[in-house]
Amino acid sequence: MADNKSLSLEEITKLGERFYTEELKNSLEKQYMGQYVVIDVQEKKYKINPDRLAAIQEATKEFGDKLFYIIQIGSTKNPSLNYTEKKYAWNF
Amino acid sequence: MEAQKIQALIILKKNMLGTFNNDQPVIEIEVKGITGISKKINALVDSGFNGYIQIPFVEAFPLGLVLAGVEASTLADGSNSSHLVCKGQVCVEGKCVDTTIDIHHANIVLLGTKLLKELKKTFVLDASIGKVEIIDSK
C-alpha cells in the first residue's frame, strides 16, 4: 500500500462514508444498484463495477496502490451468520 | 491485478466432499498466502451469505494477505458495519480465480454464494443423509 498512508482506516471509512452519502448515493442508486463502488477518499474519485475485485483493480490502476473505501450500492448485505457482529475497535 | 502481485491463494479441491456437523455444511479449504505456507481450514458453506469468502483475523495475519480497503455494509438487522477487504485468489485443480476476501473478527470461515458463482460450482446438500458436496456446475 502506498499513497494514503497518512490516513488511518478510521479516517478512510469516515471520509468515504461522507463522500458516498453526500455526493454519490442518490445518483448511483438510480443507475448502478447492486454494483460495487471503490472510492479514493483523498482524490474523491471512484470506480464502479459489478465485480468487487474488478472495481478494486480498476481503481488501483487509475488511482494508485492505496487503500480504498468500498461499498455495494444500495444493497443490504446478508452475511447470515454475522448477527454476532459487534462494535469493536476495528469496526469503524 | 497483475499475476506477480497476487498475494494469496485459496485452493478448493475439485468435487469436494464436506461434512454435516451439527447440521452445518462444512468444507475443508486450503489457504495459501504470500509466505508460501499453506493452511487447511474448515469453511462453513453459507447459502445466506451473498459475499465471497470471509475469514477471521487470526487466519488472515499469518497468511500475509494484502489489504485493499475497508468495506461498509448494512447488515440484515439494519445496523452498519465495516470490515477489511483483502485481495486473493481461489484455485480449483490448478485453475485459479482472483477474488476478494472479507476479514472479520468472528472466528469463523464462511464460503459465500458469490464465490461459488465465480467458481461455477454447484453446492449439494442432502440434510437427511448428511451429504455435503461442491461440484462443477453443468
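Summary table
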{"read-out": "Complete set of residues in the range B:58-117 that are more than 10 Å from every other protein chain (Cβ to nearest Cβ), modelled with pLDDT under 75 and surrounded by fewer than 23 Cβ atoms within 10 Å (Cβ to Cβ)", "value": "B:Cys91, B:Val92, B:Glu93, B:Gly94, B:Lys95, B:Cys96"}
{"read-out": "Residues of the range A:50-92 satisfying the condition of being crowded, with 18+ Cβ neighbours inside 10 Å, at pLDDT 95 or above and more than 8 Å from chain B (Cβ to nearest Cβ)", "value": "A:Ala55, A:Ala59, A:Phe63"}
{"read-out": "Residue check for A:Lys47: at pLDDT below 95 and either more than 7 Å from chain B (Cβ to nearest Cβ) or in a strand (DSSP E or B) (or both)", "value": "no"}
{"read-out": "Residue tally, condition crowded, with 16+ Cβ neighbours inside 10 Å and modelled with pLDDT of 80 or more, over the range B:21-40", "value": "3"}
{"read-out": "Close pairs (7 angstrom Cβ cut-off, 6 or more residues apart or separate chains): in contact (Cβ under 8 Å) with a residue 24 or more places away in the chain in the range B:60-74, among the basic types (Lys, Arg) and buried (at least 18 other Cβ atoms within 10 Å of the Cβ) anywhere", "value": "B:Val66/B:Lys87; B:Ala68/B:Lys87"}
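The values are calculated or read from the model by the stated rules, or taken from the named source; none is laboratory data. It should be emphasised that the depicted structure is a prediction, and the values quoted were computed from it without experimental measurement. We place every Cβ from the backbone using ideal geometry, glycine too, and count neighbours over all the protein chains shown.
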